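What follows is a single structure, written as structure tokens, with notes after it.
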Amino acid sequence: MKILFYAAKIYDKKSFDPVLKNFPEIEIDYIDHELEPRTAALAKGYDAVCAFVSSDVGAATLEKLNECGVKIVLMRCAGYNNVDKEKAKELGITVKCVPGYSPESVAEHAMALALAANRRLYKAYNKVRENDYTLKGLRGVNFYGKTAGIVGTGKIGAAMCRICNGFGMKVIAYDVYENPALKEFVEYVSLDELLERSDLISLHCPLLDSTYHMINIDAIKKMKDGVILVNTSRGALVNTNELIEGIRLDKFLGVGLDVYEEETGNVYEDRSDDIMAHSVTARLLAFPNVIITSHQGFYTVEALAAIAETTLQNFMDAKNGVKTNNDVA
Ligand code: NAI
């Protein structure tokens, strides 16, 4: 049984090949190309394709896969907002993802971004390298005793709640469902109250119609002056142009983004020689209080191993018609 693995990076092969030994019936062909309508036909003759957050798993791609007889799509990630679920269902294509492979990997990165933005570590690192030992522009605040507002308390949000609690922060949260495992130390509040009370706001809910641009200028105006905003979830939770407006209003002590609206096309590519003619990301990076990383929250040894194991098990389950909590469609 064969899987065509799209947009494969060296680290993908390094994490999947060792796990493949536990699944002797599976063969993987790794290719550089991203999955999109133009490249979907390459999957002819394969039992499944393996795709990622940067892939285009929309209707046109799914139609092409269906024409090629490919009935299984394995998402090697937790989020699946790039999948046209309705189309997949209509075509009878099974789509599975890897929820919760290592919530701590993303939550720890969220805290790293919060701390880096607060203490301007990216500036400090460069200053010292240039023999500049002054402290100008580096003043931060203590997290101890401050209020952390966590939006979305599923697997990653819960891990972030535990981390913030460990820092001695008061933890408040907003979710459409309350997580009973957190009731000892998390106070659930409305989104508006969270925006008004938090010193650190970290986003951990999925991208849905209901969460698209949930952080817009109205939300930003409700936040405290000097708030730190972190997004490790999906770029379109935040309206980038209105975030820039908020930064210009001097609302933020710091902004840490592992995801941003323009990331498709950038994710895991070297674009250092490109002229980014219309980039709002470039505008964001011009601010001294913004740090951006490129969707690396998941990128730890533990998370990669868990992704490989679950993706291959998902394939076996899909082949055997076994339904699990990992089913997207
Ligand atoms: P999860 O499904 O365990 O938790 C999501 C939570 O968001 C749930 O508790 C849900 O009730 C809540 N939610 C849904 N709608 C909401 C709304 N309108 N307002 C507030 N909360 C709402 O998901 P998990 O594993 O914690 O992942 C969260 C997100 O993190 C994923 O959707 C994905 O976009 C992102 N992610 C980012 C990674 C990275 O490398 N930066 C890696 C993995 C996931």
Scan the range 131-144 and tell me whether some residue there is more than 19 Å from the chain's Cα centre (by Cα) and outside any loop (DSSP other than H, G, I, E, B).
no
Of these, I215, I172, which one is of a type in the set (A, V, I, L, M, F, W, C), in contact (Cβ under 8 Å) with a residue 24 or more places away in the chain and over 19 Å from L249 (Cβ atoms)?
I172
Any idea which residue in the range 234-268 is nearest to H33 (Cα to Cα), counting only those that are open to solvent by 70 Å² or more (accessible area, probe 1.4 Å) and in a helix (DSSP H, G or I)?
N241
For the range 107-155: of the residues being of a type in the set (F, W, Y) and open to solvent by less than 60 Å² (accessible area, probe 1.4 Å), which is nearest to L208 (Cα to Cα)?
F143
Any residue in the range 265-289 that's in contact (Cβ under 8 Å) with a residue 40 or more places away in the chain: show its pairings with residues that are assigned to a loop (DSSP other than H, G, I, E, B) and loosely packed, with under 12 Cβ neighbours inside 10 Å at Cβ separation under 7 Å, as long as the two are six or more apart or on different chains.
P288/G137
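Every residue, every condition in (1) open to solvent by 50 Å² or more (accessible area, probe 1.4 Å); (2) modelled with pLDDT of 95 or more; (3) closer than 18 Å to A308 by Cα, yes or no:
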position	(1), (2), (3)
A8	no, yes, yes
I26	no, yes, yes
Y30	yes, yes, yes
Y46	no, yes, no
V49	no, yes, yes
D56	yes, yes, no
T61	no, yes, no
D84	yes, yes, no
V95	no, yes, yes
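Residue-by-condition table, conditions (1) in a loop (DSSP other than H, G, I, E, B); (2) under 22 Å from Y6 (Cα atoms); (3) of a type outside the set (K, R); (4) in contact with a Pro (Cβ under 9 Å, 6 or more places away or on another chain):
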{"position": "D270", "(1), (2), (3), (4)": "yes, yes, yes, no"}
{"position": "P288", "(1), (2), (3), (4)": "yes, no, yes, no"}
{"position": "F298", "(1), (2), (3), (4)": "yes, yes, yes, no"}
{"position": "T311", "(1), (2), (3), (4)": "no, yes, yes, no"}
{"position": "V322", "(1), (2), (3), (4)": "yes, no, yes, no"}
Can you find, within the range 164-190, the residue that is nearest to the ligand (Cβ to nearest atom) among those that are outside any strand (DSSP E or B) and β-branched (V, I, T)?
V176
Tell me, please, whether a residue that is under 26 Å from D199 (Cβ atoms) and under 16 Å from the mean Cα position of the chain (by Cα) can be found in the range 272-292.
yes
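Under the condition of being within 11 Å of the ligand (Cβ to nearest atom) and among the polar types (S, T, N, Q), which residue from the range 201-216 is nearest to the chain's Cα centre (by Cα)?
So the residue we want is S202.
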Of everything in the range 141-163 that's more than 13 Å from A110 (Cα to Cα) and of a type in the set (D, E, K, R), which residue is nearest to the ligand (Cβ to nearest atom)?
K155
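The values are calculated or read from the model by the stated rules, or taken from the named source; none is laboratory data. What you are looking at is a predicted structure, and each value in this text was computed from that prediction instead of being measured. A quick note on method: Cβ atoms are made from the backbone with ideal geometry, for glycine too, and the neighbour counts reach across all protein chains shown. Just the protein is used for accessible areas: all its heavy atoms, side chains included, with ligands, DNA and RNA removed. Shrake-Rupley method; radii C 1.70, N 1.55, O 1.52, S 1.80 Å.
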